[in-house]
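Encoded as structure tokens, the structure appears first; notes follow it.
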Amino acid sequence: MGASEWVSTSVPYLAAPPGTQGDAWAAEATAEGRRGSQRIVQAGEVVAPQVVAELLGTPAGQSVVARRRIMYLDGEPCELTDTYYPVDIAGGTALAGTARIRGGAIRLLADLGHVGVRVREDVTARSAADHEREQLGLTADDPVLQLTRLTFDDADRPIQVDIMAMPPRHQKLRYEIRIG
């Protein structure tokens with residue numbers, strides 16, 4: 001992998017490894033000899049966007065807990081991530097605040113009794129929205145990759161939706177599947 005290429009796999013973001021205290025993003029970047037950080041720009045209850053309501057199976061107009069973050073790689077913004085949770089899971093927890101979560105959100109969800117066991121990801125390419133161009137330093141013609149991740153618990157209940165926008169330059173998404 002060249003210094004300008006970033007290879008990302010979803011596995012570290014699905015389950016909190018035992019004994020870890022930091023976030024998965026920083027750990028993944030460090031493992032590649034890079035520096036990963038994030039800034040939480042907004043958190044709290046919001047009316048679920050239509051696509052989020054559909055994915056979580058909540059009625060239109062219902063509130064969800066949202067966390068909006070800007071991810072940085074080596075100090076440069078590289079991804080915008082919006083994460084949504086049902087209010088009955090995340091309301092009144094650290095997920096609804098802007099402070100860093102000790103051990104990460106996945107560990108907190110597990111501590112609350114909500115462990116993801118199945119994930120569905122969809123990746124699409126689209127034109128960048130104005131705020132994405134501004135926050136990611138894109139030109140008017142630059143597209144973004146949108147990765148939408150839906151996480152289910154062992155009862156097949158949707159517990160988390162992540163919607164990520166990232167410039168496709170230097171990106172490589174890796175999916176490894178083991179059958180049997």
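A few points about this structure:
- In the stretch 114-138, residue nearest to the chain's Cα centre (by Cα) [restricted to those that are among the charged types (D, E, K, R) and either assigned to a loop (DSSP other than H, G, I, E, B) or surrounded by fewer than 17 Cβ atoms within 10 Å (Cβ to Cβ) (or both)]: GLU121
- Filter pass, THR58 being within 21 Å of ARG157 (Cα to Cα), of a type in the set (Val, Ile, Thr) and under 14 Å from the mean Cα position of the chain (by Cα): no
- Any chance PRO86 is without any contact (Cβ under 8 Å) to a residue 24 or more places away in the chain and of a type outside the set (A, V, I, L, M, F, W, C): no
- Answer from GLY92, GLY97, GLY104 - the residue that is at positive phi and surrounded by fewer than 17 Cβ atoms within 10 Å (Cβ to Cβ): GLY92
- Count of the stretch 139-155 residues which are among the hydroxyl-bearing types (Ser, Thr, Tyr) and exposed (fewer than 15 other Cβ atoms within 10 Å of the Cβ): 1
- Selection count where residues are within 16 Å of MET71 (Cα to Cα), modelled with pLDDT of 75 or more and β-branched (Val, Ile, Thr), scope the stretch 3-54: 3
- When we screen ASP82, ASP154, ASP111, ASP88 for residues that are within 15 Å of the chain's Cα centre (by Cα) and either of a type in the set (D, E, K, R) or more than 15 Å from VAL52 (Cβ to Cβ) (or both), the only hit is ASP82.
- When residues of the stretch 45-75 are limited to those that are farther than 21 Å from LEU150 by Cβ and in contact (Cβ under 8 Å) with a residue 40 or more places away in the chain, the one surrounded by the fewest Cβ atoms within 10 Å (Cβ to Cβ): GLY75
- When every residue of the stretch 141-155 is checked against the conditions, at least one turns out to be more than 29 Å from THR58 (Cα to Cα) and charged (D, E, K, R).
- Failed criterion for GLY44 (all others in (1) within 26 Å of PRO167 (Cα to Cα); (2) part of a strand (DSSP E or B) hold): (1)
The values are calculated or read from the model by the stated rules, or taken from the named source; none is laboratory data. Values in this document were obtained by computation on a predicted structure and should not be read as measured data. Every residue, glycine among them, receives a Cβ derived from its backbone with ideal geometry; neighbour counts consider all protein chains shown.
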